[in-house]
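The values are calculated or read from the model by the stated rules, or taken from the named source; none is laboratory data. Predicted model, so just to flag it, every value in this text is computed and none were measured. So basically every Cβ, Gly included, is an ideal-geometry build from the backbone, and we count neighbours across all protein chains shown.
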Amino acid sequence: MTAQGRTIVVMGTCGVGKTTLAAALARRTGRPFLEGDSFHPPQNVAAMRAQRPLTDEMRAGWLDAIAAAARATPGAIVSCSALKESYRDRLRAGIGPITLIHLYGDRALLAERMLARTDHFMPVSLLDSQLALLEPPAPGPDCLHLDVAAPTGRLVDAALAFLGAGVLSTHDMSDGGN
Ligand SMILES: Nc1ncnc2c1ncn2[C@@H]1O[C@H](COP(=O)(O)OP(=O)(O)OP(=O)(O)O)[C@@H](O)[C@H]1O
Ligand SMILES: O=C(O)[C@H](O)[C@@H](O)[C@H](O)[C@H](O)CO
């Protein structure tokens, strides 16, 4: 698969800004945006609302649903926590190679941003369980790590610089570039 057609997964713990960055990148590049949270079954959302962290079993079907949607939407920019390497492997198994943008930040900053958010089911009490579970991806050509202390515009610019000019062209994904 060419870099142009690759799925880009914006990952990290709750409150780190995945939705914000993935949506902004999608707007700038013209690529489709897939909101990972929208693929949770109702029982997962109910558990999180009730301050119960999801289990591997609860995440398995959700990751498979995201992978199926991404497979059907070449070049999509996906927001998905993808906290463990095994979860990312599950996404790769369904999608193929992916490019990761791993967002991270100080716990206090993430908690502050979550508390300021009024329109979201995720309670700040689950932040520590997510930080404990997080296995940051290994550095490499397929992964960018970004500290979210910077404003969104700066993060978008850094992501675009990392992804390269090819990220802007979506029309040649299925026809081999002709
Ligand atoms: N770079 C930034 N600077 C300042 N505020 C930000 C930044 N990125 C995101 N925010 C704000 O932080 C809050 C959390 O962002 P967002 O909802 O995008 O995170 P998320 O990782 O998708 O969270 P969740 O996984 O819990 O859905 C939002 O209120 C958002 O507006
Ligand atoms: O893996 C998980 O536990 C979930 O994906 C959570 O991360 C939430 O979906 C999200 O962070 C809250 O909006």
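In table form, for the structure just shown:
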item	result
Failed criterion for residue 138 (all others in (1) assigned to a loop (DSSP other than H, G, I, E, B); (2) within 16 Å of ligand 1 (Cβ to nearest atom) hold)	(2)
Residue selected from the range 14-44 under the condition part of a helix (DSSP H, G or I) and over 17 Å from the mean Cα position of the chain (by Cα), by the criterion nearest to ligand 2 (Cβ to nearest atom)	44
Neighbours by Cβ (under 8 Å, 6+ apart or cross-chain): first from the range 130-146, at pLDDT 95 or above; second among the basic types (Lys, Arg)	131/107; 133/84; 134/84; 135/84; 137/88
Residue within the range 53-60 that is more than 10 Å from ligand 2 (Cβ to nearest atom), in contact with a Pro (Cβ under 7 Å, 6 or more places away or on another chain) and at pLDDT 95 or above present	no
Residues located in the range 87-117, provided they are within 9 Å of ligand 1 (Cβ to nearest atom) and either without any contact (Cβ under 8 Å) to a residue 12 or more places away in the chain or of a type in the set (Phe, Trp, Tyr) (or both)	112, 116
Matching residues in the range 60-103 - criterion: being part of a strand (DSSP E or B) and over 18 Å from residue 37 (Cα atoms)	98, 99
Members of the range 104-113 that are within 18 Å of residue 144 (Cβ to Cβ) and in a helix (DSSP H, G or I)	none
